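Presented below is the structure to which this report refers.
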Amino acid sequence: MAALPSLRQLSYLVTLSETLHFTEAARRSFVTQSTLSGGIMELERLLGGVLVERDRQNVRLTPLGEQVVARARVLLADAQDLMRLSREMSEPLTGDLHLGIIPTIAPFILTQLLDEVHQQLPKIQLHLHEAQSEKIVEKLEHGNLDMIVLALPFDTRGLKVSEIAKENLFVVYNKKDKNAAEANSLDDLDLSRLMLLEEGHCLRDHTLSACPVGERKNDHRLKASSLPTLVEMVSSDLGFTLLPEIALKNSMIHFNEEIAVKPIADAPSRTLALVTRKSTPLQSEFDVILQILQKITAHLE
């Protein structure tokens, strides 16, 4: 049988692909630069092709190197799951659990989630990671996260997906905005005043899927980095926005006398989901976390 690449060699290549710097990749791998370089050279010999182009100023992956990195990430994530499986068989529902959550969900569930996990999974150490959808999906695929909470529709790329709850988006507007106050459907709204989150937030995409708005109609100054910023912009009567139901009990909205909220015909919706790798050894933890999240969001049904 022909010699096979080692997980360590693949790990060196993946780390180098992230840093594009041999010294930094060696530091992150806790080895010397010569050890890392030698491991990658041996990997190239085994695979029969050049994976990395090097010169005095730049390091870049070849097309073959990029394909090998993509497959190596999957192999390394599966290997991590294999190690976790052994622990899970001997000590179920114990140890660290890394959970990723998108910013348009995290602030509205974290307190209850932490309380419930503490009660139902007392031997689990929960580590929370907040980031936009694409980032946490990548981290899940690479084995850096155990499971993630995001909003669909979103490309989950063959991962294991379980629905938590469905929710509609509501119009949030300043009470001085007569157009929004009188509108009964999206067609009645002045979409030139629609304010959105910055690119990268899936809520932005969910809104635009129902509101055919050209970017030219939305000045770049009216794009917010977070939901609280959107609310402040509405409070200042800069326009209106669409927010998910889970956010409507936020104190910034609930106690703001300048702001009104209402449902509207043909408004977009989204589905909250818990996602993990199909190879996960943490199925028991996944099931408990899913039940907790469904309990927390039961009011959305």
Point to revise | For Val234, net neighbour charge (Lys/Arg +1, Asp/Glu -1) across residues whose Cβ lies under 9 Å away | key: -4
Check your understanding: Which net charge results when you count Lys and Arg as +1 and Asp and Glu as -1 among the other residues whose beta-carbon is under 9 Å from that of Leu140?
Key -> -1
**Study point:** the chain, accessible surface, carbon-and-sulfur percent (1.4 angstrom probe)
**Key:** 51
Study note, to complete from the structure: About its Cα centre, the chain carries a charge dipole, from +1 on Lys and Arg Cβ atoms and -1 on Asp and Glu Cβ atoms, whose size in debye to the nearest 20 is 720
Review point. Does the range 55-126 come out rounded, prolate or oblate by the C-alpha gyration tensor, with a ≥ b ≥ c the root eigenvalues, rounded set by a/c under 1.5 and, if not, prolate when a/b is larger than b/c and oblate if not?
Key: oblate
Review point. So, how do all the Cα-to-Cα distances of the range 5-76 break down into 5 Å bins, in percent, from 0 on up?
Key: 3, 19, 32, 30, 14, 2, 0
Point to revise | Accessible solvent surface per residue of the chain, calculated while the other protein chains remain in place, 1.4 angstrom probe, Å² | key: 52
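Any idea what the relative contact order of the chain is, in percent, if you count C-alpha pairs under 8 Å spaced at least 6 apart?
On the way: 462 pairs, mean separation 65.2, N = 301.
22 percent.
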Practice item. Go through the range 67-72 residue by residue and turn each phi into a ³J(HN,Hα) via Karplus (6.51, -1.76, 1.60, θ = phi - 60°); whole Hz please, and just put x for glycine and proline. Key: 5, 5, 4, 4, 6, 5
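Lysine pairs in the range 165-267 with Cα distance under 17 Å, only those 8 or more apart or on different chains: how many are there?
Working: Lys166/Lys249; Lys175/Lys262; Lys176/Lys262; Lys178/Lys262; Lys249/Lys262.
Step by step, the pairs that qualify in the range 165-267 add up to 5.
What size of dipole, in debye to the nearest 20, comes out for the range 25-91 about its Cα centre when the only charges are +1 on Lys and Arg C-beta atoms and -1 on Asp and Glu C-beta atoms?
Working: 10 positive and 9 negative charges, 54 e Å.
Charge dipole of the range 25-91: 260 debye, to the nearest 20.
Ordering His201, His299 by accessible area with a probe of 1.4 Å, largest first, what comes out? Could the numbers behind the result be given before it?
On the way: His201 15, His299 85 Å².
Most to least solvent-accessible, the answer reads His299, His201.
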Point to revise | Centre separation in Å (Cα based) which lies between the range 1-68 and the range 219-289 | key: 42
**Study point:** Solvent-accessible surface (1.4 angstrom probe) belonging to Glu42, in square angstrom, nearest 10
**Key:** 60
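Can you give the net charge of the other residues whose Cβ lies under 15 Å from the Cβ of Ile102, counting K and R as +1 and D and E as -1?
Result for the local shell: -4.
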Revision key, fill the gap. Sorted by chain and number, the residues with a modelled amide H under 5 Å from that of Ile164, at a separation of 5 or more or across chains, are Leu272, Ala273, Leu274
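Please return the longest range in the chain lying between exposed loop sites, taking trypsin sites (Lys or Arg not before Pro), DSSP loop only, at most 11 other beta-carbon atoms within 10 Å, and leaving the sites out.
177-248
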Check your understanding: Along the charge dipole of the chain, Cβ charges K/R +1 and D/E -1, which of Ala77, Pro107, Ala131 sits furthest on the positive end?
Key -> Ala77
Review point. For Asp78, what accessible area in Å² do you get when you roll a 1.4 Å probe over the heavy atoms of the protein chains, rounding to the nearest 10?
Key: 70
Point to revise | Those lysines that a straight Cα-Cα span of less than 16 Å connects to Lys160, excepting residues fewer than 8 apart in one chain | key: Lys139, Lys278
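The values are calculated or read from the model by the stated rules, or taken from the named source; none is laboratory data. Predicted model only: the values in this text are computed from it and were never measured. For neighbour counting, all protein chains shown are included, and Cβ atoms are generated from backbone atoms with ideal geometry for every residue, glycine included. Only protein heavy atoms, including side chains, enter the accessible area calculation; ligands, DNA and RNA are left aside. Shrake-Rupley method; radii C 1.70, N 1.55, O 1.52, S 1.80 Å.
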